[in-house]
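The values are calculated or read from the model by the stated rules, or taken from the named source; none is laboratory data. This one's a predicted model, so the numbers in the text were calculated from it and none came from an experiment. Positions of Cβ are backbone-derived with ideal geometry, glycine not excepted, and every protein chain shown enters the neighbour counts.
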Amino acid sequence: MCQLIPRYLEYVKILPNGAILVGKNIVIDGHAKRPLRIITHVHADHIIDLEDSIRECKEIIATKITLDLLEALQYVNSNLLPIFKVKKRPLDYCERYLYENEEIYLLPVDHIPGAAQVRVELKSEKVSIGYTGDFKLTQKTEIMRDLDVLIIEATYGHPSYRRSYKESVNSLLADLVKEGLKRYKRVYIYAYHGKIQEAMIVLREYGLTEPYIVPSRVYNATKILEEKYQFNIGNYYKDTEVLKLKNTEGIVFFKHFNSAKHRRLDGKALHIVLTGRILAEPFKKLDDYTYAVSLSDHGDFDDLVNYVVYANPKLVVIDGSRRGYAEILREHLVEKGFYTIVLPERKGEEHR
């Protein structure tokens, strides 16, 4: 096995800017001068240098939802939009796309709407490489098996990051919102793009029927998810349309995470800040009118380790270019008997 590791690393590289290079033609979740740029989802740290890719890559590959959300959330500069529309290549989950003997599949993953994992079969070299992107380990996430190389994230790769409440946090969020509506008639929820839509869907699943008020960019993204992809959201309005509501007995306002610092603590509303951070409890009281809720779309430490165990690849490559605990996760995987390295390597460091 050890003699195969250098061979596998000929086909995998991670740049400091977060770009995942696979084979000869593919770059994922970052930019490099390669023919194919793959985007796993619309979170900001995975669409880095997108405009460079639109200019320099031949194709931009993602799920249909992700490509639509990139436009709706205005992540594509209007000047580049005509080029983007020509270069974008939507793929369905499990759809095969062959480019110069490199076979690409996007696979289902539980993260945000449209998110995907990437599996690449290097046909000439007979090497299989999988990249999880960001994920939660649920029944919605397909485990990639029979891989030579698995590239995995490490956001919560420290053993102290375990969510004992991950199965119940959705219902607890719904209960907190319902209580806030009962008491104040107004609830403000602050989150990043992607997590906003996740929270909208979760609350509907738990029976919340009150109207949502959202900024225009969020409205455009939400409209696409519901009308084009049949997500159950409904009863939502732009923030400029709030005066059109006939019944104002209960309203949920969604705002970008950064708006939370400007919230008004006047006793007229409950404020909920959705954080990806793992808290000791599912929610934490910040002040008399504000709670932080740990609604994460990332797997915890156990999810990361269990994915590797279930996949059982010949080599594990941990993405060390983004925030997280790549080195600590590597140590635990090595202890479990997996050949594991962190890329990009830091100067002077060696990996077992």
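Things worth noting here:
- Extreme residue, modelled with the lowest pLDDT, among residues of segment 179-200 that are basic (Lys, Arg) and touching a strand residue (DSSP E or B) at 6+ places or on another chain (Cβ under 9 Å): 195
- Any chance residue 25 is polar (S, T, N, Q), modelled with pLDDT of 95 or more and surrounded by fewer than 22 Cβ atoms within 10 Å (Cβ to Cβ): yes
- Any hit, segment 250-259, residues being in contact (Cβ under 8 Å) with a residue 12 or more places away in the chain, in the same structural domain as residue 134 (by TED's automatic domain parsing) and part of a loop (DSSP other than H, G, I, E, B): no
- Neighbours by Cβ (under 7 Å, 6+ apart or cross-chain): first from segment 217-246, under 13 Å from residue 197 (Cα atoms); second at pLDDT below 95 and of a type in the set (Lys, Arg): 219/238
Condition check ((1) in contact with a helix residue (DSSP H, G or I) (Cβ under 9 Å, 6 or more places away or on another chain); (2) modelled with pLDDT of 95 or more) across all residues:
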| position | (1), (2) |
| --- | --- |
| 108 | no, yes |
| 117 | no, yes |
| 132 | yes, yes |
| 156 | yes, no |
| 162 | yes, no |
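- The number of residues in segment 26-60 being more than 17 Å from residue 13 (Cα to Cα) and of a type in the set (A, V, I, L, M, F, W, C) comes to 7.
- Single residue of 143, 129 found to be outside the structural domain of residue 250 (by TED's automatic domain parsing) and either surrounded by 21 or more Cβ atoms within 10 Å (Cβ to Cβ) or among the basic types (Lys, Arg) (or both): 129
Condition check ((1) of a type in the set (Gly, Ala, Ser); (2) surrounded by fewer than 16 Cβ atoms within 10 Å (Cβ to Cβ); (3) closer than 22 Å to residue 40 by Cβ) across all residues:
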{"site": "262", "(1), (2), (3)": "no, yes, no"}
{"site": "285", "(1), (2), (3)": "no, yes, no"}
{"site": "289", "(1), (2), (3)": "no, no, no"}
{"site": "292", "(1), (2), (3)": "yes, no, no"}
{"site": "300", "(1), (2), (3)": "no, no, yes"}
{"site": "326", "(1), (2), (3)": "yes, no, yes"}
{"site": "341", "(1), (2), (3)": "no, no, yes"}
{"site": "345", "(1), (2), (3)": "no, yes, no"}
